[in-house]
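S.K.: Here's a structure for you.
The values are calculated or read from the model by the stated rules, or taken from the named source; none is laboratory data. Since the structure is predicted, the reported quantities are computational estimates derived from the model, not experimental observations. Quick reminder, even Gly has a Cβ in these numbers, built from the backbone with ideal geometry, and neighbours come from all protein chains shown. The protein model used for the area step is the full one, side chains on, heavy atoms only, and it has no ligands, DNA or RNA in it. Shrake-Rupley method; radii C 1.70, N 1.55, O 1.52, S 1.80 Å.
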Amino acid sequence: MTTRLPTYFISHGGGPWPYLDGPFRRMFDQLEQSLIDIRRELGNAPRAVLVISGHWEEKGFAISSSQRPGMEYDYSGFPPHTYQIKYKAPGSPELAARVQDLLAAAGIPARLDPRRGFDHGTFSIMKPLYPAEDIPLVQLSIDVGYDPEVHLQLGRLLAPLRDEGVLIIGSGLSYHNLTDARSSEGMEPSRQFDAWLQETLVRSPSPKRSDRLIHWEQAPLARAAHPQEDHLIPLMAVVGAAEDEAGAAVYHQKDLFGGITASSFRFGDVPTAN
């Protein structure tokens with residue numbers, strides 16, 4: 001019997017996609033199904049969710065601490081109604097303080113931010129994952145220095161939350177080059193970098209996995225896949241929180257945006273007692 005929750009790195013898709021209709025919305029059907037499958041495999045286990053979002057960068061770390069967080073409409077060019085949507089899950093000042101304490105115990109300062117709302121790296125995955133909007137939800141920023149070792153260590157410090165019913169999610173994209181994603185230029189870099197991720201996260205033993213992530217820029221076409229690594233860095237944190245546990249792909253698509261390869265991953269076992 002295991003009650004420890006796994007961690008997840010989720011490729012969160014484009015903009016406020018769960019709130020749209022039409023061809024753009026249908027592009028994310030496979031991603032949506034993967035999120036529904038995650039909800040089913042977790043059952044009633046999570047009592048709260050902590051999302052480390054690639055859309056929130058700070059010097060150091062910050063934690064959303066409002067009881068009723070607002071929204072961050074951090075995208076452009078979408079229909080007017082997508083700037084009025086609300087994901088109404090409550091925040092959790094208690095969880096925010098717990099995260100702050102875990103980091104402080106290791107000498108890492110993190111400030112509580114009562115004004116920060118849910119950005120689309122968070123609500124775009126939470127809407128399909130927990131559509132009832134009833135599970136307490138806290139966001140944690142990434143550090144703008146993008147240091148993989150710093151974020152692996154961040155994850156290690158957060159690991160006790162997994163035994164406390166907190167689901168830890170890193171939200172980003174396994175490929176994030178918005179310019180090339182709109183053309184055929186992104187097809188080969190996304191394919192090769194995804195293959196490297198599969199080898200690293202699913203088939204490499206733990207010490208090698210962490211070392212490969214620290215040196216991720218040595219991966220094939222790494223900078224073509226991530227000109228800026230804001231959407232990759234959340235991966236480091238969720239791996240750190242389950243560093244000695246097996247990885248598995250939970251979503252894999254070869255035709256996102258017409259030809260981009262994208263994946264999501266789970267680290268650790270699914271709970272067998274909810």
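S.K.: Just the number, please: Stokes-Einstein D of the range 23-90 in µm²/s, Kirkwood Rh from C-alpha pairs, 4 °C, 1.567 mPa s.
M.R.: 85 µm²/s
S.K.: Per residue, how much space in cubic angstrom lies within the convex hull of the C-alpha atoms of the range 208-274?
M.R.: Taking only Cα atoms, the range 208-274 has a hull volume of 121 Å³ per residue.
S.K.: Tell me the Kirkwood hydrodynamic radius of the range 88-172 in angstroms, computed as one over the mean inverse distance between distinct C-alpha pairs.
M.R.: About 13.9 Å for the range 88-172.
S.K.: Points 7 angstrom from Cα along the Cβ direction at residue 88 and residue 163: gap in nanometres?
M.R.: Label-label distance for residue 88 and residue 163, simple model: 3.7 nm.
S.K.: Under the √(5λ) rule applied to the eigenvalues of the Cα gyration tensor, what semi-axes describe the equivalent ellipsoid of the chain? Give them in Å, descending.
M.R.: 25, 23, 18
S.K.: Could you tell me what fraction of 2.2 N^0.38 Å the Cα radius of gyration of the range 37-179 comes to, as a two-decimal ratio?
M.R.: 1.02
S.K.: Another question, if that's okay. Could you sort 101, 21 by accessible area so the largest value comes first, with the probe set to 1.4 Å?
M.R.: Values: 101 90, 21 135 Å².
Most to least solvent-accessible, the answer reads 21, 101.
S.K.: If I compute solvent accessible area with a 1.4 Å probe over the protein chains, what percent of it on the range 130-274 is carbon and sulfur?
M.R.: Here carbon and sulfur together make up 50 percent of the probe-accessible area.
S.K.: Same structure again: Would you please give the residues with an amide H less than 5 Å from that of residue 48, counting only those at least 5 places away or on a separate chain, with H modeled from the backbone geometry?
M.R.: 167
S.K.: Per the Kirkwood formula on distinct C-alpha pairs, the Rh of the range 1-114 is how many angstrom?
M.R.: Working: mean 1/r = 0.0599 Å⁻¹.
Value: 16.7 Å, from the Cα pair sum.
S.K.: From the residues 54, 104, 82, which one has its Cα farthest along the dipole of the range 1-153 in the positive direction, the dipole being from +1 and -1 charges on Cβ of Lys/Arg and Asp/Glu about the Cα centre?
M.R.: Ranked along the dipole, the leading option is 82.
S.K.: Out of 84, 218, 228, any idea which swings most in a Gaussian network model of the chain, alpha carbons joined below 10 Å?
M.R.: 84
S.K.: Bin width 5 Å, origin at 0, all Cα-Cα pairs of the range 157-256: what percent of pairs per bin?
M.R.: The calculated distribution, bin by bin, is 2, 12, 23, 24, 19, 11, 6, 3, 1.
S.K.: Using a simple spin-label model with points 7 Å from Cα along the Cα→Cβ vector, what separation in nm is obtained for residue 245 and residue 105?
M.R.: About 1.7 nm, to one decimal.
S.K.: Another one. Is there a quick way to get the dipole size of the chain? I mean about its Cα centre, with the Cβ of Lys and Arg at +1 and of Asp and Glu at -1; what is the value in debye to the nearest 20?
M.R.: Dipole magnitude for the chain comes out near 460 debye.
S.K.: With the other protein chains left in place, how much accessible area per residue, in square angstrom, belongs to the range 65-165 at a 1.4 angstrom probe?
M.R.: On a per-residue basis, 43 Å².
S.K.: Also, I was wondering about something else. Could you put 86, 254 in order of accessible surface area, largest first, with the 1.4 Å probe and the full protein assembly present?
M.R.: 254, 86
S.K.: When the scattering of the range 92-245 is computed by the Debye formula from its Cα atoms alone, each counted once and equally, what is log10 I(q)/I(0) at q = 0.08, 0.09, 0.12, 0.20 Å⁻¹?
M.R.: -0.25, -0.32, -0.57, -1.36
S.K.: Along the range 143-153, what does the Karplus equation 6.51 cos²θ - 1.76 cosθ + 1.60 (θ = phi - 60°) give for ³J(HN,Hα), rounded to whole Hz, x for Gly and Pro?
M.R.: 8, 5, x, 6, 6, x, 5, 4, 7, 4, 5
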